[in-house]
Amino acid sequence: MNNDRFIVIDRVSKEFGAHGKSAAVRVIDDVSMKIGRGEFIVFLGPSGCGKTTLMRIVGGLEAASCGQVRLDGATVTGPDRKKGMVFQSYSSFPWLDVIGNIRFGMRFRDDISAAEKERLAQYYLELVGLRGFEGYRVNRISGGMRQRLAIARTLAAGPDVLLMDEPFGALDAQNREFLQEQLVGIQKSEQKTVIFVTHDVEEAIFLADRIMLFSARPARVLQEIRVGDHIGTQRPLAVKSTQAFFALRNSILDVTRRLALQTEKIMLQGGMFPA
Amino acid sequence: MTEQRDPHGREGSGPDGQASDAAAPVPETTVWQQLTSFRGNSSRGTDIALGAVGFALLLAIWSGLVVFEVVPKQYLASPQAVVVRLWELLTKYDFLDDIWISIYRVWFAFFLSAIVAIPLGILMSSFRIVNGLTEPIIDFIRYLPVPALVPLTVIWLGIGEASKIALLWMGTFFQLVLLIADDARRVPREYVEVGMTVGAKPSQVLRHIILPAMLPSMVDNLRITLGWCWTYLIIAEIVASDSGIGYVIWSARRYVKTPEVMAGILAIGIIGFLTDQFIRWLHRRAFAYLR
Ligand SMILES: Nc1ncnc2c1ncn2[C@@H]1O[C@H](COP(=O)(O)OP(=O)(O)O)[C@@H](O)[C@H]1O
Ligand SMILES: [Mg+2]
């Protein structure tokens with residue numbers, strides 16, 4: 001068992017091809033990391049730095065220019081149901097109802113029986129709190145519900161890792177907080193490995209076991225923050241108003257602010273975060 | 001609220017009156033204002049009513065032109081004369097047979113067109129090699145005017161059914177296949193990637209995601225292409241035929257039987273309109289989830 005090196009990102013770089021007169025753009029610059037089974041990792045960094053691209057490489061939806069990603073020892077070569085994806089935009093199918101979308105997650109599984117699929121569909125429906133809405137059309141439910149639906153559909157496929165790309169980015173503050181809380185609960189109960197992309201510092205702290213803080217493009221890992229060391233591993237909503245939470249938030253914001261001012265060199269000398 | 005009048009007979013309170021505790025009323029808008037507001041709302045009822053008014057106006061202008069002899073009678077028949085002639089054609093001259101043969105030609109050619117264009121269009125959107133090989137050819141043929149192909153189809157296939165079907169097919173297929181390919185390309189990338197990350201193989205993505213996702217716009221494009229079929233049909237029937245609505249119109253022209261020519265045109269209009277409305281209705285029923 002590779003429990004603490006469940007996912008290995010091994011010296012991954014990515015360039016988007018030169019076409020015509022425009023030169024190749026380096027988006028990810030020699031990034032390595034190890035992710036443990038059941039860990040909740042957040043990729044935090046400024047917009048456009050390459051977080052989505054790195055996550056898509058982990059998901060097999062994009063090929064690395066250099067380096068490789070291994071999931072449970074096997075090199076990632078393409079997408080499959082072991083790498084579940086929750087997209088930024090609403091990705092549920094409008095021609096299916098709510099329960100139909102959840103069932104779609106299991107449609108191509110042949111490791112479980114039809115009866116088991118039906119049981120799981122009901123289980124995930126319940127888990128994300130959509131009981132009572134199973135017959136609803138997708139464009140008749142709210143944005144928050146649609147993202148919960150996307151989570152349920154993705155979990156139903158039985159993935160080893162859940163890749164989430166700013167899934168709450170389009171939601172209002174209240175809904176966002178509610179879904180963050182639910183996600184923490186779901187991740188604990190399902191014991192899933194999660195990689196979650198955001199540019200929202202508070203969201204990152206609230207959710208993460210570990211934050212990977214990226215530089216501006218091309219993305220490099222600037223800092224690795226073990227959030228549990230600062231605010232503990234229990235995450236009730238109230239943790240958001242503790243002193244430790246504020247302190248951590250401020251020090252990260254400090255880093256990102258300076259990042260924005262293009263003073264990366266100072267940052268790299270380290271010692272940013274109180275232990 | 002009960003209405004109050006002051007002794008001077010003015011309605012409501014004056015400028016110095018007490019503030020009302022009721023919410024400010026929404027200013028009333030007239031039907032006219034609603035209908036003419038820029039990008040205003042529309043309802044099914046008013047749309048149908050407006051359509052009827054449009055037709056009535058057209059009829060009125062048409063009648064006016066005939067009654068006041070703005071246009072000489074032998075060039076423009078009155079609406080009544082056209083309807084009467086249409087009725088006579090239907091009841092006495094087997095015009096219904098011509099209508100059926102025309103409908104059959106349109107639908108048969110359209111069916112042959114769609115049955116090839118749908119899979120090919122989807123393959124073009126999915127595989128670069130298919131697109132690369134076929135798109136330039138299709139784009140080229142697409143710009144050939146259909147009437148220019150008539151002599152060739154007659155040389156190759158004579159003046160039987162085959163040449164007419166071939167002409168209609170060529171007129172619609174090359175347009176349709178590009179429209180279908182575009183419909184398939186416009187399926188959001190996220191939908192396809194959702195499929196791949198829940199373990200669907202490419203063929204399963206095509207069948208269970210791309211096809212249902214593109215279906216509404218595909219049906220719309222089929223409906224529009226079916227309309228084009230009628231244009232080409234008349235060309236085909238005028239040039240090389242001894243039956244069909246186009247043939248009837250063209251023969252009537254020779255003897256300047258204006259009412260008969262116009263009756264034929266009217267028949268095409270009615271068939272086209274009804275077919276179009278029927279497909280729109282199906283679209284609304286089948287894809288209710290879009291609204
Ligand atoms: N398919 C692509 N082709 C070319 N450039 C791309 C492509 N995808 C992303 N990029 C560029 O790579 C950079 C990083 O994008 P992305 O990974 O989406 O950033 P983030 O998710 O951190 O906001 C951006 O500058 C973007 O314009
Ligand atoms: Mg992104």
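The values are calculated or read from the model by the stated rules, or taken from the named source; none is laboratory data. Here the structure is a predicted model, which means the values were calculated and not measured. All Cβ positions, even for glycine, are placed from backbone atoms using ideal geometry, and neighbour counts span all protein chains on display.
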B:Thr172 vs. criteria touching a Pro at 6+ places or on another chain (Cβ under 7 Å), surrounded by 14 or more Cβ atoms within 10 Å (Cβ to Cβ) and assigned by TED's automatic domain parsing to the domain that holds B:Phe111: no
Residue count, region A:23-51 (criterion: surrounded by fewer than 20 Cβ atoms within 10 Å (Cβ to Cβ) and either near ligand 1 (Cβ under 10 Å from one of its atoms) or under 19 Å from B:Glu193 (Cα atoms) (or both)): 6
Selection status of B:Met214, free of Cβ contacts under 8 Å to residues at least 12 places away in the same chain and either within 14 Å of chain A (Cβ to nearest Cβ) or over 20 Å from B:Leu168 (Cβ atoms) (or both): no
Some residue of region A:85-101 being within 13 Å of ligand 1 (Cβ to nearest atom) and of a type in the set (A, V, I, L, M, F, W, C): yes
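Residues are listed down the side, and each one gets a yes or a no for (1) outside any helix (DSSP H, G or I); (2) under 23 Å from B:Lys73 (Cα atoms):
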position: B:Ile234; (1), (2): no, no
position: B:Glu237; (1), (2): no, no
position: B:Asp242; (1), (2): yes, no
position: B:Val256; (1), (2): yes, yes
position: B:Val261; (1), (2): no, yes
position: B:Ile265; (1), (2): no, yes
position: B:Leu274; (1), (2): no, no
position: B:Tyr289; (1), (2): no, no
Leading residue by the ranking (surrounded by the fewest Cβ atoms within 10 Å (Cβ to Cβ)) among those in region A:97-111 that are without any contact (Cβ under 8 Å) to a residue 24 or more places away in the chain and assigned to a loop (DSSP other than H, G, I, E, B): A:Asp110
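Just checking, which of A:Pro79, A:Pro94 is at the interface with chain B (Cβ under 8 Å from one of its Cβ atoms), surrounded by fewer than 21 Cβ atoms within 10 Å (Cβ to Cβ) and not hydrophobic (A, V, I, L, M, F, W, C)? Before the answer, list the steps.
Numbers: A:Pro79 fails: surrounded by fewer than 21 Cβ atoms within 10 Å (Cβ to Cβ).
Step by step, each of A:Pro79, A:Pro94 is checked, and only A:Pro94 is at the interface with chain B (Cβ under 8 Å from one of its Cβ atoms), surrounded by fewer than 21 Cβ atoms within 10 Å (Cβ to Cβ) and not hydrophobic (A, V, I, L, M, F, W, C).
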Boolean, A:Arg11 is away from ligand 2 (no atom under 12 Å from the Cβ) and touching a Phe, Trp or Tyr at 6+ places or on another chain (Cβ under 7 Å): no
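On the basis of being facing chain B (nearest Cβ under 9 Å) and either of a type outside the set (Asp, Glu) or part of a helix (DSSP H, G or I) (or both), does A:Met85 make the cut?
On the way: facing chain B (nearest Cβ under 9 Å): yes; either of a type outside the set (Asp, Glu) or part of a helix (DSSP H, G or I) (or both): yes.
For A:Met85, the condition - facing chain B (nearest Cβ under 9 Å) and either of a type outside the set (Asp, Glu) or part of a helix (DSSP H, G or I) (or both) - is met.
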Within region A:99-111, tally of residues that are of a type in the set (Val, Ile, Thr) and within 12 Å of chain B (Cβ to nearest Cβ): 1
Every pair of residues 6+ apart whose Cβ atoms lie under 8 Å, when the first sits in region A:51-68 and is within 14 Å of another protein chain (Cβ to nearest Cβ) while the second is aliphatic (A, V, I, L, M) and surrounded by fewer than 20 Cβ atoms within 10 Å (Cβ to Cβ): A:Ile57/A:Ala63
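Residues B:Leu96, B:Leu120: which one is surrounded by 15 or more Cβ atoms within 10 Å (Cβ to Cβ) and in the same structural domain as B:Val248 (by TED's automatic domain parsing)? Break it down stepwise before answering.
Details: B:Leu96 fails: surrounded by 15 or more Cβ atoms within 10 Å (Cβ to Cβ).
B:Leu120 is the lone residue from the list that is surrounded by 15 or more Cβ atoms within 10 Å (Cβ to Cβ) and in the same structural domain as B:Val248 (by TED's automatic domain parsing).
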Failed condition for A:Leu44, given (1) away from every other protein chain (no Cβ under 14 Å); (2) out of contact with any helix residue (DSSP H, G or I) (no Cβ under 6 Å at 6 or more places or on another chain): (2)
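Taking strands (runs of 3 or more DSSP E) that fall entirely within region A:12-82, which contain at least 1 residues that are more than 29 Å from B:Pro202 (Cβ to Cβ) and hydroxyl-bearing (Ser, Thr, Tyr)? Don't jump to the end; show me each part of the working.
On the way: elements: A:25-35, A:40-44, A:66-71.
The strands (runs of 3 or more DSSP E) meeting that bar are A:25-35.
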Residue satisfying condition, being under 24 Å from A:Arg107 (Cα atoms) and free of Cβ contacts under 8 Å to residues at least 24 places away in the same chain, within set A:Arg146, A:Arg153, A:Arg140, A:Arg226: A:Arg140
Test: residue in region B:146-168 that is more than 19 Å from B:Pro119 (Cα to Cα), in contact with a strand residue (DSSP E or B) (Cβ under 9 Å, 6 or more places away or on another chain) and in the same structural domain as B:Ile279 (by TED's automatic domain parsing): no
Some residue of region B:63-80 being among the polar types (S, T, N, Q), surrounded by 13 or more Cβ atoms within 10 Å (Cβ to Cβ) and farther than 24 Å from B:Thr29 by Cβ: yes
Complete set of residues in region B:185-211 that are assigned to a helix (DSSP H, G or I) and facing chain A (nearest Cβ under 8 Å): B:Glu190, B:Tyr191, B:Glu193, B:Val194, B:Met196, B:Thr197, B:Gln204, B:His208, B:Ile209
